[in-house]
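Report on one structure; see the data block that follows.
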């Protein structure tokens, strides 16, 4: 079923921004055989719930709606994946000091009016924030917060802190929050330690 998860997978949310966490739903990006973790609409909903991109009640209604309309659910998943790849290529290019591809920027811009049409001013403990988390009437709802996150990042000073993980097999994106801007790994406990072991073995040989 379109709403069934293809695997039991705990998504990594170490990117530092929702949009970067979304690009990191592909494992082993740096290899010739990347692992796709969003193989069904159910997977997309699972990520959205774990990442906080949709409210639990919205997710339940979206799951019901997707179960009743597999065609629309698959189209929504296809749109989400296209946006994800455009975001990955764009942020990876910016991290490398390259210009964005016009087609990728266009893919994102196509979703901006829709994403912001779902936005609302939400009250926080201190002040307010503009939130875009879609509605239960639109199967693209998990994408709304992602698009807003991408726009927020692209128009902020933190854009200069976007990095690509130095582990060749990984290539995930993350925000470098270190004071001297020297972070190289998406997760030191995973890619960082793995790279240390690899270098140790090379020296040992």
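All of the numbers you see were taken from the coordinates with simple rules; none came from a lab. If you're wondering where the values come from, they're calculated on a predicted model, not measured in any experiment. Glycine gets a Cβ as well: all are built from the backbone with ideal geometry, and neighbour counts include every protein chain shown.
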**OP:** Starting with the fewest neighbours, write out 41, 9, 88 ranked by other beta-carbon atoms found within 10 Å of each beta-carbon.
**Re:** 9, 88, 41
**OP:** Measure nothing fancy, just the Cα-based angle from helix 41-51's long axis to the longest principal axis of the chain, in degrees from 0 to 90, nearest 10.
**Re:** 70 degrees
Original post:
How big is the chain in terms of Cα radius of gyration and Dmax, in angstroms?
Top reply: 17.8, 59
Original post:
Going by the alpha-carbon gyration tensor, a ≥ b ≥ c the square roots of its eigenvalues, is segment 68-183 rounded (a/c under 1.5) or, if a/c is not under 1.5, prolate (a/b greater than b/c) versus oblate?
Top reply: oblate
**OP:** Please determine, in degrees from 0 to 90 and to the nearest 10, the orientation of helix 70-95 with respect to the longest principal axis defined by the Cα atoms of the chain, where the helix direction is its Cα long axis.
**Re:** 40 degrees
Subject >> 114, 172, 185 arranged by Cβ crowding within 10 Å, fewest neighbours leading >> reply: 114, 185, 172
**OP:** Kindly state, to the nearest 0.05, the FRET efficiency for residue 105 paired with residue 158, given R0 = 22 Å and r defined as their beta-carbon distance.
**Re:** 0.75
Original post:
For residue 137 and residue 81, what is the calculated FRET efficiency with R₀ set at 22 Å and r taken between the beta-carbons, to the nearest 0.05?
Top reply: 0.55
Original post:
Modelled label-to-label distance, residue 117 and residue 61, 7 Å Cα→beta-carbon offset: nm?
Top reply: 1.7 nm
**OP:** Report, in deg cm²/dmol and to the nearest 500, the calculated mean residue ellipticity at 222 nm for the chain, where each DSSP H run with n ≥ 4 adds -39500 (n - 2.57) and the sum is divided by the residue count.
**Re:** -15500 deg cm²/dmol
**OP:** Give me 71, 131 ranked fewest to most by other Cβ atoms within 10 Å of their Cβ, as a rough exposure proxy.
**Re:** 71, 131
Original post:
Which one of 100, 38, 121 has the biggest mean-square fluctuation once the chain is modelled by GNM with Cα springs under 10 Å?
Top reply: 121
Subject >> Cα gyration tensor category, rounded, prolate or oblate, for segment 87-148 with a/c compared to 1.5 >> reply: oblate
**OP:** Relative to the longest principal axis of the C-alpha atoms of the chain, give the angle of the C-alpha long axis of helix 193-204, reported between 0 and 90° and rounded to the nearest 10°.
**Re:** 20 degrees
**OP:** Could you work out how far apart the two model spin labels at residue 98 and residue 129 are, taking each label as a point 7 Å from the Cα in the direction of the beta carbon, and quote it in nm?
**Re:** 3.3 nm
**OP:** Using a 10 angstrom cutoff on alpha carbons, build the Gaussian network for the chain and name the most mobile of 124, 81, 13.
**Re:** 124
